[in-house]
Amino acid sequence: MNTPPAPQKRRLSHSLVLLVPAVLFGLLVTLQWRTQAERSELSVRYNAPLIDAANALQNEQNDLKAQLAQLRARLDEIQRNASSQSGAAKELQTRLDQLKTSAGLTAESGDGVIVQLDDARSVSVSVRDVDKSICHATDLTDIINTAWKGGAQAIAVNDERVVNSSSVYCVGSTIMVNGTLMSPPFNIAAIGPQNSLLGSFDDPNQLQDIKQRRDVQGLGFRVSRASAIHVPAYSGALNVRFAEPH
Amino acid sequence: MRTNRGAIWVSVIALFLGFAAVTQVRSQDVFSRSLNLETPASLTTLIANLSETNNELRNEIFDVRRDVADAQDSVSSGKGTLTEAERQVAQLRVFSAQSAVAGPGIAVRIDGAFDERALSDLVNELRNAGAEAIAVNEMRVGPKSYFTGTADHSIAVDGRRFADRGWSARSVRLMSFMSR
């Protein structure tokens with residue numbers, strides 16, 4: 001005949017069942033708390049004023065770019081009005097308009113492709129592979145290179161127009177394009193012949209590294225057709241100071 | 001039996017929470033790319049770069065403001081804006097690599113193993129350092145230039161392959177942001 005367990009013994013077994021997860025959970029919470037405490041202590045002591053300064057400078061830059069765009073539009077308006085007076089002025093204005101377009105100083109829209117590039121969001125990546133699972137400056141230069149090869153007419157990275165003086169710069173894990181702070185995800189918009197652009201991106205000889213990291217480490221990389229893409233005008237400085245026409 | 005089932009549920013939830021907590025820690029450590037995670041040294045470099053860009057913008061604003069004033073004067077005095085438009089045409093031709101240029105700068109010569117990605121990197125670094133005009137083996141690099149590898153392990157710029165294997169990228173003006 002079975003005797004039911006004594007109430008005391010039953011309570012003990014309940015406590016034991018709860019003990020393991022409770023200890024485990026406590027450990028995990030402590031681990032998280034410690035990691036965050038360490039980081040915030042560091043960033044408060046050294047980084048906070050620097051981050052504030054960087055953000056303030058980026059905001060200032062946005063204002064300066066808006067001011068410059070306004071002044072360029074004002075100059076354009078004055079010249080356009082004046083150029084209606086003579087034939088020579090009209091011709092010069094046409095040349096100026098063509099040059100502005102080819103230099104990237106005018107906004108463009110049209111069909112093309114959008115390339116999305118992002119850090120791997122999955123957590124299954126081992127620490128050894130972290131470097132391969134995040135976006136680098138060279139990934140952006142490689143993508144831009146592939147888009148030009150495919151016949152792109154205009155390219156922008158997160159709304160920063162790519163012009164002759166444009167560079168992608170990487171400090172730590174932050175990326176700058178045209179001297180503007182950026183962070184993933186990146187949207188690279190390329191206006192141009194869609195089939196040729198897609199062909200360039202699909203070419204197995206192009207972007208081998210990115211494609212491999214997408215397949216193995218889960219790097220975010222997607223190329224898709226898009227219509228009526230808008231690419232803004234370059235809003236930075238021209239900086240022609242040392243080069244003289246020869 | 002009822003209390004036992006309750007204990008199992010509590011364990012399951014605790015395990016789930018523990019897993020979620022670890023996931024959170026890892027995702028914050030590994031994948032967050034905000035400025036918060038940069039070292040003070042990196043942040044200082046970022047600030048130097050931002051300041052440099054803003055100074056260039058201020059200079060340009062100063063120039064264009066003067067251009068606007070000049071154009072207004074010319075229009076009101078009946079001279080027209082031809083000279084100003086010509087100056088702008090000359091500037092944009094340089095900016096978009098449509099006119100030959102001369103000026104101070106540096107020359108880089110590379111011997112040995114080199115591929116199209118390395119060349120692309122080098123051009124990016126030169127632009128980043130403020131190069132106003134760049135040529136690779138006497139071939140001007142333009143706004144839409146691209147670099148490709150050829151079947152015989154050589155490099156092509158804008159689809160045109162170079163015959164020699166010693167690469168030299170010449171740039172007009174090189175000024176490093178950091179060295180100032």
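Every number here is computed from the coordinates shown, using simple stated rules; none is lab data. None of the values given here were measured: they were computed from a predicted structure. Quick reminder, even Gly has a Cβ in these numbers, built from the backbone with ideal geometry, and neighbours come from all protein chains shown.
So if I place +1 on the C-beta of Lys and Arg and -1 on the C-beta of Asp and Glu, and nothing else carries charge, what would the dipole magnitude of chain A be about its Cα centre? I want it in debye, nearest 20. Please report the intermediate quantities before stating the final value.
Working: 24 positive and 24 negative charges, 189 e Å.
Dipole magnitude for chain A comes out near 900 debye.
Taking every residue in A:176-185 and counting other chain Cβ atoms within 10 Å of its Cβ, the average works out to 3. Shape analysis of chain A places it in the prolate category; the axes a ≥ b ≥ c from the Cα gyration tensor give an a/c of at least 1.5, with a/b above b/c. The gain in end-to-end length when the A:Arg121 to A:Asp159 segment is fully stretched comes to 11.4 nm, 0.36 nm per residue minus the alpha carbon separation. Taking other C-beta atoms within 10 Å as the exposure proxy, A:Leu117, A:Leu197 rank A:Leu117, A:Leu197 from fewest upward.
Peptide A:18-25 shows a mean partner chain C-beta count of 5 within 10 Å per residue C-beta.
Computed from Cα positions, the angle between helix A:137-149 and the longest principal axis of chain A comes to roughly 40 degrees. Placing dummy labels 7 Å off each Cα toward the beta-carbon, the span from B:Lys79 to A:Ser15 is 9.8 nm.
Phi angles of segment B:120-127 translate, via the Karplus equation with coefficients 6.51, -1.76, 1.60 and θ = phi - 60°, into HN-Hα couplings of 4, 4, 4, 4, 4, 5, 5, 5 Hz per residue; Gly and Pro are given as x. Each residue in B:Tyr146, A:Tyr234 was given a count of other beta-carbon atoms within 10 angstrom of its own, and listing them fewest first yields B:Tyr146, A:Tyr234.
For segment B:105-172, the Cβ-based charge dipole about the Cα centre amounts to some 160 debye (Lys, Arg positive; Asp, Glu negative; other atoms uncharged). Taking amide H atoms as placed 1.01 Å from N in the peptide plane, the amide H of A:Leu105 lies under 5 Å from those of A:Tyr234, each 5 or more residues away in sequence or on another chain. Peptide A:186-197 has a mean shielding of 0, counted as Cβ atoms of other protein chains within 10 Å of each residue's Cβ. Relative to the longest principal Cα axis of chain A, at what angle does helix A:7-42 sit, 0 to 90 degrees, rounded to 10? Around 30 degrees separate the two axes. The packing ranking, built from the mean of other Cβ atoms within 10 Å per residue, places the peptides B:41-47, B:91-97 in the order B:91-97, B:41-47, highest first. Shown here for segment A:44-126: trypsin sites (Lys or Arg not before Pro) in loop regions (DSSP other than H, G, I, E, B) with at most 16 other Cβ atoms within 10 Å, namely A:Arg121. Near B:Val141, the amide H atoms lying under 5 Å from its own belong to B:Ile134, B:Ala135, B:Val136; only residues 5 or more places off or on other chains count, and H is placed 1.01 Å from N.
Entry note, segment B:105-172: relative contact order of 48 percent, from Cα contacts under 8 Å with a spacing of 6+ residues. Let a ≥ b ≥ c be the square roots of the eigenvalues of the Cα gyration tensor of segment A:104-231; is it rounded (a/c under 1.5), or, if not, prolate (a/b larger than b/c) or oblate? Oblate. Once a ≥ b ≥ c are taken as the square roots of the eigenvalues of the Cα gyration tensor of segment B:33-130, is the result rounded (a/c under 1.5), prolate (a/b larger than b/c) or oblate (a/b not larger than b/c)? In terms of gyration-tensor shape, oblate. Packing-based ranking of B:131-142, B:101-112, B:78-89 yields B:131-142, B:78-89, B:101-112, ordered from highest to lowest mean Cβ neighbour count within 10 Å. Each stretch of four or more DSSP H residues adds -39500 (n - 2.57); spread over every residue of chain A, this sum gives -17000 deg cm²/dmol at 222 nm. Each of B:Leu82, B:Leu57, B:Ile47 was scored by the projection of its Cα onto the charge dipole of segment B:37-95, and the greatest displacement toward the positive side belongs to B:Leu82; charges sit on the C-beta of Lys, Arg, Asp and Glu.
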